[in-house]
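Derivation of every value follows stated rules applied to the coordinates shown; laboratory data play no part. Not measured: the values here are computed from a predicted model. Neighbour counts are summed over all protein chains in view; Cβ atoms, including those assigned to glycine, are modelled from backbone coordinates with ideal geometry.
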Amino acid sequence: MIAVFKRELKSYFLTPLGYTFMGLFLLIAGFFFSYGNLLPRSPRYAQFFGNILFIYLIAVPLLTMRLLSDERRLKTDQLLLTSPIKVSGIVLGKYLAAFSVFLITLAVTVMYAVLVGIHGDLAVAETIGAYLGFVLLGACFISVGTFISAVTENQVTSAFFTFFALLFIWLIDLVRQIVPMDLTSGLIFAAVAVVAITVYFYMNTRNLVVAAAALLIGAGAVTATFFLRQEFFLGIMSDVLDWLSLLARFGSFSLGILEFSTVVYYVSFTTVFLYLTVQVIEKRRWA
Amino acid sequence: MVEVRGITKRYGPHVAVNDVGFSIGKGEIVGFLGPNGAGKSTTMNILTGYLSTTEGEVTIDGMPILEYPEDIKRKLGYLPENPPLYVDMTVTEYLKFVAQIKGVAKKTVPSRIAEVLETVKITDVRKRLIKNLSKGYKQRVGLAQALIGDPEILIFDEPTSGLDPKQIIEIRDLIRKLGENHTVILSSHILHEVSAICRRVMIMNLGRIVADGNPDTLAIQHSPTGQLIVTVLGEGEKARATLADVAGVTRVTDRATEETGAVEFVLDTDGDVRPKVFEAMSSAKLTLIQMRVNTMSLEELFLQLTSGEQEVPA
Ligand SMILES: Nc1ncnc2c1ncn2[C@@H]1O[C@H](COP(=O)(O)OP(=O)(O)OP(=O)(O)O)[C@@H](O)[C@H]1O
Ligand SMILES: [Mg+2]
């Protein structure tokens, strides 16, 4: 894992990619710091993070687009996957390299906080909270990008899909408010989910028996739940979307409130996506 | 050492490898020979654990590869069809990285790199970026990468493809030398390459192994049974009549010969009639100067086994 991490980190700076990411990030951050804090002489630094959240939409796809897709395109995955290292080690090494580039870049912005601290009254707790929240949020987004780069073979597609995935996460809170909450649509949603899982199983195993079994179990579970706990289907869509709602949870951080449950949530979200990444790579051998 | 039992790999309805089984002993040098799309690369990818099988199993030293991936991968060095190079690194940086992921002990890494650079003769370009190397040198870096973990088994997928004749000869010599203390499995389209390096050849076609054996004797084993070429001194008519009378000879055909004063026949036979032919000749007082089983060359065998059928589109 350490070898993969080191190589990846180095490769960010052997190609223009690392510098492009850093440059873009710092340009946007600098712009918003100037207009948000510097020019109005505002010491409210934590707000700065709220303003630059959208940076992720552009910067994360750039950071993760070739992370795993390029290995496949250049066939270097044949070296990694035939070496005595675990797939989880490969994924973690790569993820941590991308995450480190992000951290290094973010470290530069600490300078802004210091600047505010020198010339004004910096709300230290708030600032630390905002940094922590921002880093955790970044960790989540980078894990999504890592996952998408594992399912694509081309960096442009990878960046494109990552952008839209992040955009979707962005808009989730809006979507949540308009999804129907009634029983029928809940049931339809559950049925679609079961079918999707069945298709996924079939694509992976090419085995009709396994797919049929998955379909039966899923249908059975939905039916059983319907008779035992009908209320489960009320608002199920909104509940699922809530699980993906990363931004709604960010608010408390910039108020300097450190909610343990939110930290756990962000860490689990990241873990799930990294786990899925490992699974995708492991399963591809069976295709 | 390497045991392959009934492996099949399907891509949807397309069968890339079809019920292939073989076993390779320690120290053997084996060549997979086959036209494009025969399934050589797929088989090698399965052997190295890069791909899984749809059916069947690979074991190495008795360990199934899917259950002991790390133990097995430590024993394997693999040069895939496209050398897996990180072209933005220098040769040494790259080999250092490979040494680390292959689990080479930290303090032996520099000496191991120096050794391998020497083996594949790329010491002089060790500080160059891989992307600036010629195709032949890139291929050598690929070989170095396979060797660095000091594996017992080396698997090379078309190690000489796209190289100039001088490089081809050098790489072949290198592989032959490696074969002295490794088990080597390689693939090629080129018949004389396999027969020059390998003491065993497996001919693949359309996902199956259609012949397996020593390149010198394989063709003989696959030759049409029951044709004998006989050269007799002197009278052609008498010889022909005598031969036609031998029990088991179904047909006698004339054949051109360069031997002066001799005639030559091709006998279609039923079973091994060589002793009877010999006796018949001597009792008819005819001088038999040569008798041999009609064989094809390995080239002919290869063409026969792989011709006619095109690659099945996926
Ligand atoms: N990922 C894939 N999806 C679908 N079909 C595939 C895939 N990989 C290989 N095949 C098919 O499997 C068959 C065997 O391919 P393979 O690469 O093993 O042949 P090969 O003997 O190595 O050929 P070559 O000499 O051209 O390298 C081919 O018909 C190929 O089209
Ligand atoms: Mg091939």
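Starting from the Cα gyration tensor of the range B:105-196, take the square roots of the eigenvalues, sort them a ≥ b ≥ c, and report rounded, prolate or oblate (rounded when a/c is under 1.5, otherwise prolate if a/b is larger than b/c, else oblate).
Values: a/c = 2.23, a/b = 1.28, b/c = 1.74.
Oblate, because a/c is 1.5 or more while a/b does not exceed b/c.
Does anyone have the angle between helix A:16-33 and the longest principal axis of chain A? Alpha-carbon axes, 0 to 90°, nearest 10?
The helix A:16-33 is inclined about 60 degrees to chain A.
Between A:Val192 and A:Ala248, what is the spin-label point distance in nm, taking each point 7 Å from the Cα along the Cα→C-beta axis?
Placing both labels 7 Å along Cα→Cβ, they lie 1.9 nm apart.
Pick out, from B:Leu233, B:Ser282, B:Thr160, the residue whose Cα sits farthest towards the positive end of the charge dipole of chain B, with +1 on the Cβ of Lys and Arg and -1 on the Cβ of Asp and Glu.
Most positive-ward Cα: B:Thr160.
Label-point separation (nm) for A:Leu208 and A:Leu24, each offset 7 Å from Cα along Cα-to-Cβ?
Modelled inter-label distance: 4.7 nm.
Show that you can apply the helix-only estimate: for chain B, add -39,500 (n - 2.57) for every DSSP H stretch of four or more residues, divide by all residues, and state [θ] at 222 nm to the nearest 500.
After summing the helix terms and dividing by the residues of chain B, the value is -10000 deg cm²/dmol.
Of the options B:Met44, B:Thr54, B:Gly31, report the single residue whose Cα projects farthest towards the positive end of the charge dipole of the range B:1-88 (beta-carbon charges: Lys, Arg +1; Asp, Glu -1).
Selected residue: B:Gly31.
Using R₀ = 60 Å, calculate the FRET efficiency as 1/(1 + (r/R₀)^6) where r is the Cβ-Cβ separation of B:Gln290 and B:Glu115; round to 0.05.
Values: r = 53 Å, r/R0 = 0.88.
My answer for the efficiency is 0.70.
Give, as ranges by residue number, the residues of the range B:104-135 whose backbone N falls under 12 Å from the point 7 Å along Cα→Cβ of B:Asp173.
B:121
Enter the per residue convex hull volume of the range A:183-234, computed from alpha-carbon coordinates, in Å³ rounded to the nearest integer. Write down the numbers at each step before the final one.
On the way: hull volume 2.7 nm³, N = 52.
It comes to 52 Å³ per residue, whole-number rounded.
With no solvent and one equal point scatterer per Cα, compute the Debye intensity ratio I(q)/I(0) for the protein assembly as shown at 0.10, 0.11 Å⁻¹ and report its log10, rounded to two decimals.
-1.00, -1.12
Under the Karplus relation 6.51 cos²θ - 1.76 cosθ + 1.60, θ = phi - 60°, what is the ordered set of whole-Hz ³J(HN,Hα) values for the range A:86-94, x standing for Gly and Pro?
These are the phi-based 3J(HN,Hα) values: 7, 4, 4, x, 4, 5, 5, x, 5 Hz.
Before rounding to the nearest 500, sum -39500 (n - 2.57) across all DSSP H runs of length at least 4 in chain A and divide by the residue total; then give [θ] at 222 nm in deg cm²/dmol. Each step should come with its number before you reach the end.
Numbers: 14 runs with 225 residues, N = 287.
It comes out at -26000 deg cm²/dmol, rounded to the nearest 500.
Just how large is the dipole of the range B:2-221 about the Cα centre, in debye to the nearest 20, putting +1 at every Lys and Arg Cβ and -1 at every Asp and Glu Cβ? Before the final figure, lay out each step's value.
Values: 28 positive and 26 negative charges, 148 e Å.
The calculated dipole for the range B:2-221 is roughly 700 debye.
What are the radius of gyration and Dmax of the range B:1-118, computed over its Cα atoms and given in Å?
For the range B:1-118, the Cα-based Rg and Dmax read 16.4, 50 Å.
Of all chymotrypsin sites (Phe, Trp or Tyr not before Pro) in the range A:119-215, which ones are in loop regions per DSSP and have a Cβ with at most 13 other Cβ atoms within 10 Å? Intermediate results must be reported in sequence, preceding the final value.
Working: sites: A:Tyr131, A:Phe134, A:Phe141, A:Phe147, A:Phe160, A:Phe161, A:Phe163, A:Phe164, A:Phe168, A:Trp170, A:Phe189, A:Tyr200, A:Phe201, A:Tyr202; in loops: none.
Passing both the DSSP loop test and the Cβ count: no residue.
FRET efficiency for A:Ala107 and B:Gln221, Cβ-Cβ distance as r, R0 = 51 Å, nearest 0.05?
Numbers: r = 70 Å, r/R0 = 1.38.
The pair A:Ala107/B:Gln221 has a calculated efficiency of 0.15.
Only four residue types carry charge here, +1 at the Cβ of Lys and Arg and -1 at the Cβ of Asp and Glu. Report the dipole size of the protein assembly as shown about the Cα centre in Debye, rounded to the nearest 20. Present the calculation step by step, with values, prior to reporting the outcome.
Numbers: 54 positive and 55 negative charges, 358 e Å.
Rounded to the nearest 20 debye, it is 1720 debye.
What does the C-alpha gyration tensor say about the overall shape of chain A? Classify as rounded when a/c is under 1.5, otherwise prolate if a/b is larger than b/c, or oblate. Walk me through the intermediate numbers first.
On the way: a/c = 2.56, a/b = 1.32, b/c = 1.94.
Oblate shape, in that a/c is at least 1.5 and b/c is the bigger or equal ratio.
Give me a comma-separated list of calculated 3J(HN,Hα) values for the range A:139-146, in order, Karplus coefficients 6.51, -1.76, 1.60 applied at θ = phi - 60°, integers in Hz, x for any Gly or Pro.
For the range A:139-146, the Karplus curve yields 4, 5, 4, 5, 5, 5, x, 4 Hz.
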